[in-house]
1. With unit charges on the beta carbons (Lys and Arg positive, Asp and Glu negative) and the dipole taken about the Cα centre of the chain, which residue among Gly341, Ser79, Tyr385 sits farthest to the positive side?
2. Return the sequence-ordered ³J(HN,Hα) values of the stretch 35-41 in whole Hz as given by the Karplus equation 6.51 cos²θ - 1.76 cosθ + 1.60 applied to θ = phi - 60°, using x for Gly and Pro.
3. Pop out the ³J(HN,Hα) list for the stretch 155-169 in order, Karplus 6.51 cos²θ - 1.76 cosθ + 1.60 with θ = phi - 60°, rounded to Hz; leave Gly and Pro as x.
4. Please state, rounded to one decimal and in Å, the Kirkwood hydrodynamic radius that the stretch 41-82 gives when every pair of distinct Cα atoms enters the mean of 1/r.
5. Based on the mean of other beta carbon atoms within 10 Å per residue, what is the order of 195-207, 156-168, 314-326, most packed first?
6. Report the one residue of Gln268, Thr198, Pro293 whose Cα lies farthest in the direction of the positive end of the charge dipole of the stretch 195-311 (charges on C-beta: Lys and Arg +1, Asp and Glu -1; origin at the Cα centre).
7. Under a Cβ-Cβ cut-off of 14 Å, what is the net charge of the residues other than Glu434 that fall near it, where Lys and Arg count +1 and Asp and Glu count -1?
8. Counting every Cα pair in the stretch 352-424, what percent are over 18 Å apart?
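The values are calculated or read from the model by the stated rules, or taken from the named source; none is laboratory data. Note that this is a predicted model, so its numbers are computed, not measured. Here the Cβ positions follow ideal geometry from the backbone for every residue, glycine too, while neighbour counts run over all protein chains shown. To get the accessible areas, we keep the full protein, side chains included, count just its heavy atoms, and leave off ligands, DNA and RNA. Shrake-Rupley method; radii C 1.70, N 1.55, O 1.52, S 1.80 Å.
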Amino acid sequence: MHRSFVLLLLLLSAVLISAALQPRPAVRRPNIVFILADDLGYSDLRCYGNPFNETPVLDSLARHGLRFTQAYAAAPVCSPSRAALLTGKHPARLHLTNFLVGDRVDSASPLRPAPWRPYLPGSEVTLAERLKALGYATGMVGKWHLGSADSLTPTAQGFDYERQISKNGLDYYNYGISSANKPVFEDKGNEYLTDKLTDYALEFLGQQTAQKPFFLYLAYSAPHILLVPRADKLGRFLYRYPRFKGKYNPSYAAMLLSMDEGIGRVLQQLKANGFDDNTLVIFTSDNGGLGMPEAGPAPTDNAPLRSWKGHLYEGGIRVPMIMRWKGVIPENTVTSQYLTGTDFVPTLLELLGAPKAPFPDGRSFAALLRNPAQTQARGPVFWHYPHFSNQLSAPSGAIREGDYKLIEHFETGRTELYNLTADLSETTDLSAREPAKTRDLHQKLKQWRAEVRANMPLANPAFSRK
């Protein structure tokens with residue numbers, strides 16, 4: 001009996017050792033489709049409460065995934081926000097703090113805009129480069145806006161496939177598309193830009209196989225001005241316009257519908273190619289909506305948020321965000337945990353099991369995707385915009401920690417304090433009522449600027465206090 005037991009143990013040990021020595025199947029990493037809208041406001045989607053616009057595809061994406069109610073862009077304008085998404089670094093650390101052709105000054109201000117870097121250096125490691133090192137095929141379609149030199153193109157920054165808007169980026173006809181600074185397509189007024197970008201996205205997806213994961217960065221120019229909709233999308237919104245007393249813009253709504261339908265085509269292609277079940281889809285915007293007239297009527301209304309693109313009030317930096325990954329992210333869920341654009345790179349790398357790397361400006365929210373109900377302490381989030389935006393803002397900085405947000409105006413040194421849970425619209429400045437909290441957040445904001453060596457505005461030598 002004893003001898004039989006020993007033999008059984010030896011046999012079991014041999015089986016276990018043999019199993020341990022067998023090569024383990026590789027973890028199947030998900031495909032990633034990151035869709036970025038341009039100047040889409042927080043309240044513009046039907047699933048965020050908009051009664052005028054039609055966004056059935058994005059609404060469906062939210063029902064089958066996770067919708068974020070407190071997602072932030074890292075900057076109130078496009079180029080720095082995009083740099084943060086792709087590097088995990090804060091724009092202030094990169095000194096890329098304005099949109100690429102931003103040069104507005106205010107002769108009546110005591111300040112001149114801060115010196116800044118109008119491109120993303122080729123030495124910066126992008127998400128595409130990191131994913132490529134993990135075996136991903138990488139594709140970029142749409143608006144880049146991070147530099148045009150040969151060493152700064154998407155191809156030079158880790159993308160295998162590139163279709164970049166390179167001419168007339170504010171028009172939706174008569175535009176140009178390039179790859180590695182070589183012309184690929186030039187429109188003569190016939191092909192709507194949003195549709196063309198979707199076509200290129202489908203071309204990239206059509207080149208993919210199940211043997212290799214892929215990363216598609218689809219950066220639509222819509223619904224950024226100019227407000228040029230397709231004629232066949234416009235009529236339905238013109239008819240309903242009077243019922244809403246002029247609050248919503250029909251041309252903007254029609255442009256948004258074209259983008260929504262384009263996203264639907266992308267999702268259909270994923271399903272047709274067998275990629276649907278193992279693809280993480282991310283949708284968000286690069287900054288808040290434009291709520292003032294600029295090259296035409298005001299596009300959108302960010303209510304209940306205050307202000308718009310270019311400003312550090314919530315209307316300029318809070319953005320819609322939806323994520324779907326079948327079988328991993330619970331369906332039809334909502335989270336109020338706040339996060340920001342620098343958090344994407346560390347989150348995606350953690351989800352893929354990549355070796356941990358230091359990201360001082362980003363925090364992974366990977367655990368939140370699997371359990372949206374959990375409470376996750378993000379810690380402080382910072383903004384730095386030392387410029388005069390085209391949307392009439394002046395140089396400023398901001399910090400959010402917990403429920404509280406502080407804004408500092410660089411021209412005067414004045415600070416404002418808001419409790420966002422109690423006062424989402426930022427109507428009641430608490431700085432005089434809560435001086436201790438104001439001092440604490442202001443000190444943290446100044447300390448952070450020193451740590452990242454943030455570029456600051458300069459004195460205006462022509463300024464006079466007469």
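1. Of the options given, the answer is Gly341.
2. In residue order, the calculated couplings are 10, 10, 8, 10, 6, 7, x Hz.
3. Taking θ as phi minus 60°, the curve returns 4, 6, 9, x, 9, 5, 10, 9, 9, 9, 5, 10, 8, 6, x Hz for the stretch 155-169.
4. Details: mean 1/r = 0.0860 Å⁻¹.
Here the Kirkwood hydrodynamic radius works out to 11.6 Å.
5. Details: 195-207: 19.3, 156-168: 21.3, 314-326: 25.4.
Answer by packing, highest mean first, reads 314-326, 156-168, 195-207.
6. Working it through, the farthest residue towards the positive pole turns out to be Pro293.
7. On the way: positive: Lys405, Arg433, Lys437, Arg439; negative: Glu401, Asp403, Glu416, Asp423, Asp429, Asp440.
For residues surrounding Glu434, the net value is -2.
8. Details: 1531 of 2628 pairs.
Considering the stretch 352-424, 58 percent of its Cα-Cα pairs are separated by more than 18 Å.
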